[in-house]
Structures are given as C-alpha cells and as structure tokens.
C-alpha cells in the first residue's frame, strides 16, 4: 500500500511551492500536479493501483472543473474510500468550511499557502498517520 500525493491548483507557482512544502514536510518527494480537477480525475481513473491511497491538496476555485465539482465527481468512484482531501484555498468563507465537512473524504481545510506546520497536522491525522509512523 502506497500513499500517492496530488496537488490540484490552477497556479503553477502554487504547484512549485506546495511541492517543496510536502517534500520538506515529509509527506512525499514526488507529488503529482494538476491544473484543474478534470486532469486529476482522469489521472485517478487511469492509474488505479490496488491498495494505493491518495492524499490530495485541492484548490476550490479553478477553471474547467473546480474543487467542489471534483469532490462531487469523486463520490461516483470506488477509489473514494482510499482518497483523503485537504482543501487549500484562499477562501476564508465559513460557508466553504461548512460545505467541505459534508464530504467524508475531506480531512482538512487550510488557507493558502499550505505550510510545513500543516504537513505535521496531516501526518498526525488518524487516517494518514500509519503512512508516517516509523
């Protein structure tokens, strides 16, 4: 069982920044990056490896398929039970945080940019902690 990390954001600078942070924070050295939810969903559909678990840093406001649409599409697939999402958004709207709690895959909601401190929170989450225990 392997943990795959995906960064879904429409900003290439955020791809670089968050890739460095998840690497320095000990989550993964090789995250996959996508410019919108549709690209990421296609990756997930085409790259199913039995037992792999997916950790996703998800932006909400993107073209083509936004974060909410991605989460809605995720509900239709069996790999949703092996997928954990942390929303990373510039939104400070309480309604977004409340809406996020309606999705069982969402384990966190962070303001941009994601930080190494946020990595520690993720690594200590009950569902992902086994991947980081020595």
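Figures for the structure shown
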| read-out | value |
| --- | --- |
| Selection count, segment 91-132, where residues are loosely packed, with under 13 Cβ neighbours inside 10 Å and part of a helix (DSSP H, G or I) | 6 |
| Single unsatisfied condition, residue 82 versus (1) without any contact (Cβ under 8 Å) to a residue 40 or more places away in the chain; (2) farther than 22 Å from residue 26 by Cβ; (3) touching a strand residue (DSSP E or B) at 6+ places or on another chain (Cβ under 7 Å) | (2) |
| Check on residue 107, out of contact with any strand residue (DSSP E or B) (no Cβ under 6 Å at 6 or more places or on another chain) and modelled with pLDDT of 90 or more | no |
| Scope segment 29-38; condition in contact with a helix residue (DSSP H, G or I) (Cβ under 6 Å, 6 or more places away or on another chain) and surrounded by fewer than 18 Cβ atoms within 10 Å (Cβ to Cβ); matching residues | 29 |
| Looking only at segment 1-38, and only at residues there that are touching a residue at least 60 places away in the same chain (Cβ under 8 Å) and part of a strand (DSSP E or B), the one that is nearest to residue 72 (Cα to Cα) | 8 |
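Quick grid of which residues meet (1) part of a loop (DSSP other than H, G, I, E, B); (2) in contact with a helix residue (DSSP H, G or I) (Cβ under 6 Å, 6 or more places away or on another chain); (3) over 24 Å from residue 130 (Cα atoms):
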| residue | (1), (2), (3) |
| --- | --- |
| 40 | no, no, yes |
| 43 | no, no, yes |
| 50 | yes, no, no |
| 81 | no, no, no |
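The values are calculated or read from the model by the stated rules, or taken from the named source; none is laboratory data. Remember, predicted model here, so these are calculated numbers, not experimental data. Using ideal geometry, Cβ is built from the backbone for each residue, glycine included, and neighbour counts are taken over all protein chains shown.
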